[in-house]
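Data first, discussion second: the structure below is written as C-alpha cells.
Taken together, the values in this text are just the output of simple stated rules run on the coordinates, not laboratory data. Note that the coordinates shown come from a computational prediction; the quantities given were computed from them, not determined experimentally. Neighbour counts are summed over all protein chains in view; Cβ atoms, including those assigned to glycine, are modelled from backbone coordinates with ideal geometry.
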Amino acid sequence: MIKRFLVTATLIVGLFFGYLWGKQSSLPINTQPPASIVLAHTYQLMIDYGNDTISTFYDVAIGESDTVLSGLQQSLKDKKIDVGVKEYNGLGTLVTKIGPQENGKGKKYWQYWVNGKHPDVGADKYLLKSGDVVEWKFTSASEQ
C-alpha cells in the first residue's frame, strides 16, 4: 500500500512540474533587446591614397544623422589624419585633401563610392546607413 502511494505521489508531482515547465516554455519570447542596451550602427571605411597605401577601418560607429563626410572626419580625427574641405554654394562640400594627398596632385582628385556605386551627391549630403561600405580613392578620371 505504501509503495502504491509513493508511486502515485511521484507521478502526481512529476505531472505537476511537467505542466509548469510546459507552461513556461510556451510563453512568448521577447526578441527585442532591453532598452538599456544600445545597438551600435556601424559602417566600413576604406581609403586608397593612390600610391599603394590603403587604410581600412572596420565597424566604425555612426549615428542617425552621420554623412559620408562626417563619418570620414570622425574616423580620421582620432588618427590625427587631416581632412581638407571646400564649400561650394548650392553644390555642397568637396573633400580636397586626406592626409598628404591633395586634389590636383598628379591630376588626381578625391572621389568616393558607397557600396560600389559612385553617388551623385556630395559627401556632406549622403546619409550613412548601418552596413555601408565607403571607399575614398585618390584617383584620376582615367583610373576609375
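Comparing the range 69-126 with the 2.2 N^0.38 Å rule of thumb, its C-alpha radius of gyration ratio is 1.13 (two decimals).
Projecting label points 7 angstrom from Cα along Cα→Cβ for T53 and Y88 puts them 2.6 nm apart. Charge dipole of the range 41-143 (Cα centre as origin; +1 on each Lys and Arg Cβ, -1 on each Asp and Glu Cβ, all else neutral): 280 debye, rounded to the nearest 20. Shown for H41, H118: other C-beta atoms within 10 Å of each C-beta, ranked fewest to most, produce the order H118, H41.
Using C-alpha pairs below 8 Å separated by at least 6 residues, the relative contact order for the range 41-143 is 36 percent. Across every direction, the projection of the convex hull enclosing the Cα atoms of the range 41-143 has a mean area of 6.4 nm².
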